[in-house]
Amino acid sequence: MRKSLKSRLNTHKTSLFICITLRILTLISMLAEFKLGNFKNGILCIAVLIIFTIPALLKKESGIVLPDVMEAAVYAFVFASAILGEISNFYGLVPFWDTLLHLLSGFILAGVGFSLIRLMNGKNQNFRISAAYVALTGICFSVTAGLLWEFFEFACDTDFKTDMQKDSMVKNISSVELNGKKNNQPLKIDGITKTEIYLKNGERYIVSGGYLDTGLADTMKDLSVNFIGAVIFCTAGYRHMKNKDECRFVSDFIPKK
């Protein structure tokens with residue numbers, strides 16, 4: 001019992017240290033960006049600081065408490081995504097940075113989905129729900145949240161001309177539009193090495209390495225790794241519900257009330 005209490009206290013201290021450190025680093029980044037005149041990045045830092053207050057607001061307004069490990073993971077995810085990914089360009093500098101973050105988000109969101117039934121059911125324990133159903137709920141919640149995020153990225157790219165859905169190089173395509181016969185038979189084009197883009201004003205862009213896909217491949221990759229993260233968590237959650245001695249880490253990622 002003492003060992004368990006000591007372990008929880010150490011976890012709480014570590015989580016608190018991580019959360020405070022990331023807040024300070026975000027504040028420093030905000031001041032630096034405003035000083036450099038990068039107001040867009042400065043506003044992003046402010047948004048991150050606001051997001052960091054959500055766990056405390058959840059606890060105050062609804063009584064929902066994030067476990068220490070989960071709270072630290074959420075802080076780390078937001079910091080890695082916005083401050084490191086967007087402002088420090090880790091998305092461009094570090095291979096698979098975006099993929100790792102989507103995997104982590106799928107994992108974390110599955111924990112939220114896993115707890116939905118218990119949180120919504122409250123103290124009413126008159127019926128039992130199978131572990132498989134709870135695991136499926138967690139997967140569905142995580143994938144739906146990931147899909148809504150991809151909708152948001154598409155809207156930003158379309159309406160505000162951002163590039164949140166990153167480009168990909170494609171060397172092979174199948175296209176009905178290019179066959180010229182309007183007969184719904186795709187024309188298969190293999191071994192693309194270069195694409196040329198011509199503008200109305202006469203400007204020309206040459207894309208070396210293949211055909212420039214402007215978001216579809218990135219979106220499907222993000223949704224796939226989000227799904228994988230959700231399945232990993234919910235598989236562990238299923239095993240934990242069946243046998244409390246297995247996958248004990250699951251309880252560290254399930255909000256409580």
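The values are calculated or read from the model by the stated rules, or taken from the named source; none is laboratory data. Owing to the predicted nature of the structure, the values given are computational and were not obtained by experimental measurement. Note: ideal-geometry Cβ built from the backbone for every residue, glycine included; neighbour counts use all protein chains shown. Surface accessibility is based on the protein's heavy atoms, side chains included, excluding ligands, DNA and RNA. Shrake-Rupley method; radii C 1.70, N 1.55, O 1.52, S 1.80 Å.
Assorted remarks:
- Residue selected from segment 1-14 under the condition in a helix (DSSP H, G or I), open to solvent by 90 Å² or more (accessible area, probe 1.4 Å) and within 17 Å of ARG248 (Cβ to Cβ), by the criterion modelled with the lowest pLDDT: LYS3
- Hits in segment 50-67 (condition: more than 12 Å from PRO255 (Cβ to Cβ) and more than 17 Å from the chain's Cα centre (by Cα)): ILE50, THR53, ALA56, LEU57, LYS60, GLU61
- Boolean, VAL74 is free of Cβ contacts under 8 Å to residues at least 40 places away in the same chain and either under 18 Å from LEU148 (Cα atoms) or assigned to a helix (DSSP H, G or I) (or both): yes
Here is a yes/no grid of residues against (1) within 20 Å of LEU100 (Cα to Cα); (2) small (Gly, Ala, Ser):
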residue	(1), (2)
LEU148	yes, no
THR162	no, no
SER174	no, yes
GLN185	no, no
THR193	no, no
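- Scanning segment 163-198 for residues that are among the hydroxyl-bearing types (Ser, Thr, Tyr) and open to solvent by less than 50 Å² (accessible area, probe 1.4 Å) yields SER168, SER175, THR195.
- Restricting segment 203-257 to residues that are closer than 19 Å to SER142 by Cα and among the basic types (Lys, Arg), the residue that is modelled with the lowest pLDDT: LYS256
- Annotation note: of ILE28, ILE43, ILE83, the sole residue that is aliphatic (A, V, I, L, M), over 20 Å from PHE107 (Cα atoms) and either assigned to a loop (DSSP other than H, G, I, E, B) or in contact (Cβ under 8 Å) with a residue 12 or more places away in the chain (or both) is ILE83.
- Considering segment 237-257, and only residues there that are out of contact with any Ser or Thr (no Cβ under 8 Å at 6 or more places or on another chain) and surrounded by 20 or more Cβ atoms within 10 Å (Cβ to Cβ), the residue that is farthest from ALA72 (Cα to Cα) turns out to be TYR238.
- Filtered residues of segment 199-222 (kept if surrounded by fewer than 11 Cβ atoms within 10 Å (Cβ to Cβ) and aromatic (Phe, Trp, Tyr)): TYR205
- Segment 67-80: number of residues that are under 18 Å from ALA110 (Cβ atoms) and open to solvent by 30 Å² or more (accessible area, probe 1.4 Å): 5
- Whichever residue in segment 15-43 is hydroxyl-bearing (Ser, Thr, Tyr) and open to solvent by less than 40 Å² (accessible area, probe 1.4 Å) and, among such residues, is nearest to PRO55 (Cα to Cα): SER15
- Hey, LYS221 among the charged types (D, E, K, R) and more than 16 Å from the chain's Cα centre (by Cα) or not: no
- Residue within segment 135-144 that is under 28 Å from the mean Cα position of the chain (by Cα), surrounded by fewer than 16 Cβ atoms within 10 Å (Cβ to Cβ) and under 23 Å from GLU86 (Cα atoms) present: no
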